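> Handing you this structure, nothing more for now.
The values are calculated or read from the model by the stated rules, or taken from the named source; none is laboratory data. Predicted model only: the values in this text are computed from it and were never measured. When we count neighbours, we look across all protein chains shown, and the Cβ atoms used for this are built from the backbone with ideal geometry, even at glycine. Side chains are part of the model used for accessible areas, which takes the heavy atoms of the whole protein and leaves out ligands, DNA and RNA. Shrake-Rupley method; radii C 1.70, N 1.55, O 1.52, S 1.80 Å.
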Amino acid sequence: MARRTRVLLAKLGLDAHTIGVTVIAQALRDAGMEVVYTGLRQTPEMVAATAIQEDVDVVGMSSLSAAHMSHFPRVVELLREQGVEDKLVLGGGVIPEEDAADLLAAGIDRVFTMGTETQEIVACIEDWMAQREAAS
Amino acid sequence: MTDERRSRDLRAHQQQWEAHTLARKLAERPERKAAFATQGLGWPVERLYTPLDLEAVGFDYLSDVGFPGEYPYTRGTEANGYRSDLWTMMQVTGFGSGEDWAKRGRYMLDQGLTGLFLEYDLPTTNGYDSDHPLAAGEVGRAGVALDSLADMEALLDLPFEKLQRLTSICNGPQTVNLAMILAALERRGIDPDSFTLQMPNAILVEYTCVGRYIFPPDHGLRVATDALEYSVKNHPNWIPISVVSAQLYAAYANPVQELAFSFAIAKAYLDAALERGFDIDTLAPYFSFITGVDMDFFEAVCKIRAYRKLWARIMREQYGATKPESLQLRLTASPGTMSLTLQQPLNNIARLGIQMLACAAANGGYAMNTPLHDEAHALPTEEAIAVGAAIHQIVAHETGVADTVDPFAGSYYVESLTKRIEQAVWEEMEKVEALGGGLAAIKSGYFQKELARQQVERTRAIGDGDRVLVGVNHSTREEGPRSIPIHRPDPEVERRQIEKLERLRAERDGAEVERSLNALREAARDGGNLVPACLAAAKAYATHGEMCGALRDVFGEYTPDSQTTGV
């Protein structure tokens, strides 16, 4: 039997708004995925380390305040430094359009802004898993 | 005619109406939906409400409603509603440095607002200075940056003669924040009792859903109680404790949960303070609440009316309070940010107007506090602030809703819904009591899990279209990338704040700072009130982060386990 898709959901910095992450955790679980949640106040170093240690397929980072620009790209950088390039890295929350473009340029695979349907996120992960499966 | 005979006639008449008048209409035009329900609670909304519905809930005018300014205060705590005084018109604001905030505060007062609701940035509310590694990217962003007394002095450069109320929300390190305010007022020569300082001091809500806590819950409660005790003894006109039930509402609590959890939390604070020797009639008048309001107009009106009645009942029946001031709910009403949408943001102006109208129609509070139509995008622009101020003024002066007391009283629908909410809240409160009360319910994660369940359900309802949101899942239209101007933060704030902090650390008397921080650690260990030691440290220019650090050394930090996160 194939291993269930493992997703890390992370809250970085000091932002404590967890409604988005709660709802997405439930939607991913409903879709049969396994969710690991970091809890609040994580540094990029903590998130990258957890992603590697938990051997997740997907890293989902959520932010409502402002730290997405400092913290999201740093996680990608840390993963790359450790030679980890086979994870889907997603960012979400209240993210202005200008910032979303910069985040994509910094290596975040997809940015979901407020109002995204949870099914869209599920589909994005499933597509990526299917493509990775086909490529291997 | 006897009551029984009148009801029998009415029932017979209603049956006739259903069989003829209504049946004809339904045969021509079926109804829009198979069933109608309230938005927050999902309770059935009947086609028609009559005196029979009041009979069904056991409604009695004098014991359920009575007269305004008298027990049970359902119609309001003021005998004549808003006819003497309108509500304090407030908005939330916070960004940049102390100087930036004071400039914005003055602009808001110029727009006719009479109260300011001050938010600090996340490093401050979490007890860190601007140069802490976790603060990166957050300094002066979602609130104003506060590192030392110098920042608070800049921040309080306001025309106090125009300001009725300043609400300062810094729940984790409340004694530190209070000390900074007191020291800054002293430096600026402002009489601290010349205006109303409201400190929500609402740490128990932070553990439940907001997450800006520092210390473990028991120590958090001690800090809150210290701030409360100090204020009651020294500044009797202040509002030193508010249960911010609006935050529970923003985390998708339904109206029954919002009230039941808030009362359980209020009782935890009350019990902690009563243990310090206060009597209930000294303490209760200092308690206040800040409630959120959503789009279901009648649910909002009825919730506010039930809120007042329940507080009076709890105070009288459970605490034996006797003074009218103890039984009167002090309420600030806040239209809810969670009902604002990113899409078609100008629609939010209509939403805010309707919510304000509900608050005013229910005699919603001493103060009202609006979010602004662009808040789903970013911090408000000056234009959004001016529009928000106008919403207050239009509701107050153009609609007539503030001219008579509790105008919906006696409505068959309003009275039966108010009574149903009251009964359901009482039942939920009993359930929380059985779990050991508010503090125990937080520690076990009960509140957090209940809210998480609601969050998932609410999002599903919007996704499935069960809950209509115009511009989101109904009447959507293609829009450009952005249809309104948004506030852009000053990218230089963080650098300037850190430079200022470095200068401060170099110039102050380091030995004096160290002495004051040691004294603060000592006070934390001794169990005495923390405010005097915080005040001495603030005056020595110990930083906010250093003072919180000293308290962390003694109290430790709170890390919720997986049982209590709700995720």
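> Within the range B:377-401, which residues are open to solvent by less than 10 Å² (accessible area, probe 1.4 Å) and either under 29 Å from residue A:97 (Cα atoms) or within 14 Å of chain A (Cβ to nearest Cβ) (or both)?
Within the range B:377-401, B:384, B:385, B:388, B:389 meet the criteria.
> If you don't mind, another one. Would you check which residues across the range B:504-530 are surrounded by 13 or more Cβ atoms within 10 Å (Cβ to Cβ) and among the hydrophobic types (A, V, I, L, M, F, W, C) and list them?
B:504, B:513, B:517, B:519, B:520, B:523, B:524, B:530
> If residue B:151 satisfies every condition in (1) of a type outside the set (S, T, N, Q); (2) touching a Gly at 6+ places or on another chain (Cβ under 8 Å); (3) within 14 Å of chain A (Cβ to nearest Cβ); (4) closer than 14 Å to residue B:498 by Cβ but one, which is the exception?
(3)
> Quick check on the range B:525-567: of everything there that is assigned to a helix (DSSP H, G or I) and touching a Phe, Trp or Tyr at 6+ places or on another chain (Cβ under 6 Å), which residue is farthest from the other protein chains (Cβ to nearest Cβ)?
Step one: of the range B:525-567, the residues assigned to a helix (DSSP H, G or I) are B:525-526, B:531-539, B:544-555.
With the extra rule that they be touching a Phe, Trp or Tyr at 6+ places or on another chain (Cβ under 6 Å), the set shrinks to B:531, B:545, B:555.
Working: B:531: 25, B:545: 12, B:555: 17 Å.
Selected residue: B:531.
> Would you point out which residue out of B:422, B:450, B:428, B:433 is open to solvent by less than 20 Å² (accessible area, probe 1.4 Å), under 17 Å from residue B:256 (Cβ atoms) and in contact (Cβ under 8 Å) with a residue 40 or more places away in the chain?
Values: B:450 fails: open to solvent by less than 20 Å² (accessible area, probe 1.4 Å); B:428 fails: open to solvent by less than 20 Å² (accessible area, probe 1.4 Å); B:433 fails: open to solvent by less than 20 Å² (accessible area, probe 1.4 Å).
Step by step, each of B:422, B:450, B:428, B:433 is checked, and only B:422 is open to solvent by less than 20 Å² (accessible area, probe 1.4 Å), under 17 Å from residue B:256 (Cβ atoms) and in contact (Cβ under 8 Å) with a residue 40 or more places away in the chain.
> Here is a further query. Suppose we keep only residues that are within 14 Å of chain A (Cβ to nearest Cβ), open to solvent by less than 50 Å² (accessible area, probe 1.4 Å) and assigned to a loop (DSSP other than H, G, I, E, B) within the range B:307-352. Which one would you say is nearest to residue B:210 (Cα to Cα)? I'd like the intermediate steps shown before the answer.
Filtering the range B:307-352 down to residues within 14 Å of chain A (Cβ to nearest Cβ) leaves B:336-345, B:347-348.
From the residues that got through so far, the ones that are open to solvent by less than 50 Å² (accessible area, probe 1.4 Å) too are B:336, B:338-342, B:344-345, B:347-348.
Keeping just the survivors that are assigned to a loop (DSSP other than H, G, I, E, B) gives B:336, B:340-342, B:344-345.
Details: B:336: 15, B:340: 18, B:341: 20, B:342: 21, B:344: 27, B:345: 25 Å.
In this case the residue turns out to be B:336.
> Restricting to the range B:453-478, and then to whatever is away from chain A (no Cβ under 12 Å) and within 20 Å of residue B:351 (Cβ to Cβ), can you tell me which residue is surrounded by the most Cβ atoms within 10 Å (Cβ to Cβ)? Outline the logic, then answer.
Taking the range B:453-478 and keeping what is away from chain A (no Cβ under 12 Å), we get B:466-468, B:470, B:474-475, B:477-478.
Adding the requirement that they be within 20 Å of residue B:351 (Cβ to Cβ) leaves B:466-468, B:470, B:474-475, B:477.
On the way: B:466: 14, B:467: 20, B:468: 13, B:470: 14, B:474: 10, B:475: 11, B:477: 7.
For the range B:453-478, the residue satisfying everything is B:467.
> Going by the conditions given, is residue B:141 within 14 Å of chain A (Cβ to nearest Cβ) and open to solvent by 10 Å² or more (accessible area, probe 1.4 Å)?
Values: within 14 Å of chain A (Cβ to nearest Cβ): yes; open to solvent by 10 Å² or more (accessible area, probe 1.4 Å): yes.
In short, yes.
> Answer yes if at least one residue in the range B:196-208 is away from chain A (no Cβ under 13 Å), polar (S, T, N, Q), out of contact with any His (no Cβ under 6 Å at 6 or more places or on another chain) and under 26 Å from residue B:527 (Cα atoms), and no otherwise.
yes
> What residue, among those in the range A:1-56 that are surrounded by 23 or more Cβ atoms within 10 Å (Cβ to Cβ) and charged (D, E, K, R), is farthest from the chain's Cα centre (by Cα)?
Looking at the filtered set, the residue picked out is A:15.
> Sort through B:498, B:484 and tell me the only one that's farther than 22 Å from residue B:184 by Cα, among the hydrophobic types (A, V, I, L, M, F, W, C) and surrounded by 13 or more Cβ atoms within 10 Å (Cβ to Cβ). Spell out how you get there, then give the answer.
Working: B:498 fails: farther than 22 Å from residue B:184 by Cα.
None of the others qualify; the one that does is B:484.
> Quick test of your reading of the structure: residue B:185 fulfils all but one of (1) within 19 Å of residue B:500 (Cβ to Cβ); (2) in a helix (DSSP H, G or I); (3) free of Cβ contacts under 8 Å to residues at least 60 places away in the same chain. Name the failing condition by number.
Status for residue B:185: all satisfied but (1).
> Considering (1) touching a strand residue (DSSP E or B) at 6+ places or on another chain (Cβ under 8 Å); (2) within 11 Å of chain B (Cβ to nearest Cβ); (3) in contact (Cβ under 8 Å) with a residue 60 or more places away in the chain, say which one residue A:93 fails and leave the rest.
The number of the failed condition is (2).
> Separate question: Can you list the helices (runs of 4 or more DSSP H) found entirely within the range B:234-301 that contain at least 2 residues being touching a helix residue (DSSP H, G or I) at 6+ places or on another chain (Cβ under 8 Å) and open to solvent by less than 10 Å² (accessible area, probe 1.4 Å)?
Details: elements: B:245-250, B:255-274, B:280-283.
Result: B:245-250, B:255-274.
> Further question: Among the numbered criteria (1) more than 9 Å from every other protein chain (Cβ to nearest Cβ); (2) out of contact with any strand residue (DSSP E or B) (no Cβ under 9 Å at 6 or more places or on another chain); (3) in contact (Cβ under 8 Å) with a residue 40 or more places away in the chain, which one does residue A:27 miss?
(1)
> Given B:55, B:70, B:28, B:46, which one is under 27 Å from residue B:257 (Cβ atoms) and open to solvent by 80 Å² or more (accessible area, probe 1.4 Å)?
On the way: B:55 fails: under 27 Å from residue B:257 (Cβ atoms); B:70 fails: under 27 Å from residue B:257 (Cβ atoms); B:28 fails: under 27 Å from residue B:257 (Cβ atoms).
Just a single option satisfies the conditions, and that option is B:46.
> Only one of these is within 12 Å of chain B (Cβ to nearest Cβ), among the small types (Gly, Ala, Ser) and out of contact with any Pro (no Cβ under 8 Å at 6 or more places or on another chain): A:123, A:100. Name it. Step through it out loud before you land on a result.
Working: A:123 fails: within 12 Å of chain B (Cβ to nearest Cβ).
Answer to the check: A:100.
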